[in-house]
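Read through the structure below, which is laid out as structure tokens, and then see the notes.
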Amino acid sequence: MSTSVPVNIPLLSGNEHIYIDQCLQSGWISSEGPFIAEFEKGFSRYIGMDHGIAVSSGSGALDIAVAALGIGRNDEVIMPAFTIISPALSVVRAGGIPVLVDSDPLTWNMDVQQVAQRITKQTKAIIAVHTYGLPVDMDPLLEIAQRYGIPLIEDAAEMHGQLYKNKKCGSFGTVSIFSFYANKLLTTGEGGMLLCNDLVLAERCRKLRNLAFEPAGRRFVHQEMGWNYRMSNLQAALGVAQLEQIEPSILRKKQIGHFYQERLAFMKELGYKLPPASDHAAENIYWIFGLVAPSEEEATDLVRFLAEHNISTRPFFWCMHEQPVFTGMGLFEQERYPVAESLARRGFYLPSGLGISDAHLELVAETIKSYFDGRR
Ligand SMILES: Cc1ncc(COP(=O)(O)O)c(C=O)c1O
């Protein structure tokens with residue numbers, strides 16, 4: 001019986017304990033504590049944006065970004081079909097309409113060539129979602145956004161420290177967002193951040209994060225709706241400690257990716273797709289190490305075999321136009337995005353969290369090899 005290999009283990013090996021202890025000793029456990037400003041300043045500076053607004057999740061950050069850009073009823077927002085549901089949820093909740101584009105079969109990111117074709121008079125924003133390890137092709141996307149005067153929300157939730165042509169992901173958006181969920185390269189357990197260069201937009205995001213309290217006037221009198229999406233000082237304390245370790249964390253992610261690339265290269269001859277090690281703009285940062293099987297049945301069979309050997313995997317995202325919650329609302333009728341659909345059905349990812357041991361990596365690679373040896 002092999003040991004169990006979870007799909008993600010976070011790495012908390014820096015000053016996390018010391019900083020959390022400082023919160024407990026000082027009593028600063030709410031969003032009022034000093035680590036919030038330190039984390040906002042440190043992370044925004046690291047990414048290269050002027051303002052950081054820490055929030056309770058990446059999904060909350062997207063809700064705020066959509067509201068702060070004034071996206072509302074019947075506004076169209078272009079985004080990938082293949083992504084986590086959060087960007088589409090934010091747009092639909094605001095009364096807007098997600099307008100989807102298919103994926104690039106090589107990088108698994110949104111196919112930016114399709115974006116221009118989907119622009120209409122109702123287009124209010126574009127959401128770029130960097131997916132799994134390589135960045136969206138930002139140059140053509142920025143060119144389109146600029147040409148049509150459309151703001152860009154950059155969802156860099158999975159892309160801490162990744163570069164697009166030597167510039168950090170998360171520094172391109174009119175407003176950008178990150179997630180710090182436990183499986184992210186930098187984690188606060190749960191958490192997120194909005195980043196932007198515009199002070200007015202930053203203040204708007206801050207207000208929406210905190211129940212839209214009015215900065216002046218009678219407290220508890222509100223002119224509009226906001227959320228409690230505040231991050232706690234405890235979470236920010238983790239964030240500050242994690243940020244100190246971000247360069248070694250990036251190196252470790254890449255090391256995990258390179259290990260799987262080398263040991264699983266034989267799968268390419270068997271019809272599997274591995275993530276590209278790089279493209280024209282970036283080296284893969286391998287937020288997760290994904291595999292795309294030659295068929296849905298093969299994916300199911302290998303995932304089942306790994307589960308029988310106590311190795312956890314996760315299926316890839318499920319497409320937006322096939323989400324029952326959206327089709328039930330009459331959205332995306334008859335729409336097809338063949339590349340995205342194929343990724344969703346045939347893709348899954350291997351244990352690739354920062355806390356994985358070399359022994360577990362070895363075990364995953366050997367178990368996969370034994371699956372194929374057994375089939376010969
Ligand atoms: C691309 C992307 N955007 C947004 C989110 C949402 O972040 P959170 O889980 O912090 O709400 C995630 C979460 O994994 C994500 O991968």
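The values are calculated or read from the model by the stated rules, or taken from the named source; none is laboratory data. Since we're looking at a predicted model, the values are computed, not measured. Glycine gets a Cβ as well: all are built from the backbone with ideal geometry, and neighbour counts include every protein chain shown.
Below, the figures for the structure above:
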item: Pair list, Cβ < 8 Å and 6+ apart or interchain, from region 87-103 residues that are among the hydroxyl-bearing types (S, T, Y) to residues that are more than 13 Å from the ligand (Cβ to nearest atom); result: S103/A81; S103/D111; S103/Y337; S103/V339; S103/A340; S103/L343
item: Those residues of region 41-71 which are more than 16 Å from the ligand (Cβ to nearest atom) and of a type outside the set (A, V, I, L, M, F, W, C), in sequence order; result: K41, G42, S44, R45, Y46, G48, D50, H51, G70
item: Number of the exception - Y272 against (1) free of Cβ contacts under 8 Å to residues at least 40 places away in the same chain; (2) surrounded by fewer than 18 Cβ atoms within 10 Å (Cβ to Cβ); (3) under 30 Å from G353 (Cα atoms); result: (2)
item: Criterion (within 22 Å of M79 (Cα to Cα) and acidic (D, E)) met by exactly one of E296, E322, E366; result: E322
item: Checking Y260 against (1) touching a strand residue (DSSP E or B) at 6+ places or on another chain (Cβ under 6 Å); (2) under 30 Å from R45 (Cβ atoms), the condition it does not meet; result: (2)
item: Of the criteria (1) free of Cβ contacts under 8 Å to residues at least 40 places away in the same chain; (2) touching a strand residue (DSSP E or B) at 6+ places or on another chain (Cβ under 9 Å), which one E143 fails; result: (2)
item: Residues of region 320-376 that turn out to be part of a helix (DSSP H, G or I) and either touching a Lys or Arg at 6+ places or on another chain (Cβ under 7 Å) or at pLDDT below 95 (or both), as a count; result: 3
item: Unique match (being away from the ligand (no atom under 16 Å from the Cβ) and more than 21 Å from M231 (Cβ to Cβ)) among I36, I97, I18, I85; result: I97
item: Residues located in region 112-138, provided they are over 17 Å from the mean Cα position of the chain (by Cα) and not hydroxyl-bearing (S, T, Y); result: V112, Q113, Q114, V115, A116, Q117, R118, I119, K121, Q122, K124, A125
item: Of all residues making up region 309-337, the number that are closer than 27 Å to I368 by Cβ and loosely packed, with under 14 Cβ neighbours inside 10 Å; result: 0
item: Members of region 225-267 found to be among the aromatic types (F, W, Y), out of contact with any Leu (no Cβ under 7 Å at 6 or more places or on another chain) and surrounded by fewer than 20 Cβ atoms within 10 Å (Cβ to Cβ), listed by number; result: F266
item: Inter-residue pairs, beta-carbon under 6 Å, first of a type in the set (D, E, K, R) and in region 277-301, second assigned to a loop (DSSP other than H, G, I, E, B) and surrounded by 21 or more Cβ atoms within 10 Å (Cβ to Cβ), 6+ apart; result: D279/T107
item: Failed condition for A37, given (1) farther than 23 Å from N197 by Cα; (2) free of Cβ contacts under 8 Å to residues at least 12 places away in the same chain; (3) of a type in the set (G, A, S); result: (1)
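Matching residues to (1) within 22 Å of E158 (Cα to Cα); (2) of a type in the set (G, A, S):
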{"residue": "C23", "(1), (2)": "no, no"}
{"residue": "S31", "(1), (2)": "no, yes"}
{"residue": "F43", "(1), (2)": "yes, no"}
{"residue": "S57", "(1), (2)": "yes, yes"}
{"residue": "G70", "(1), (2)": "no, yes"}
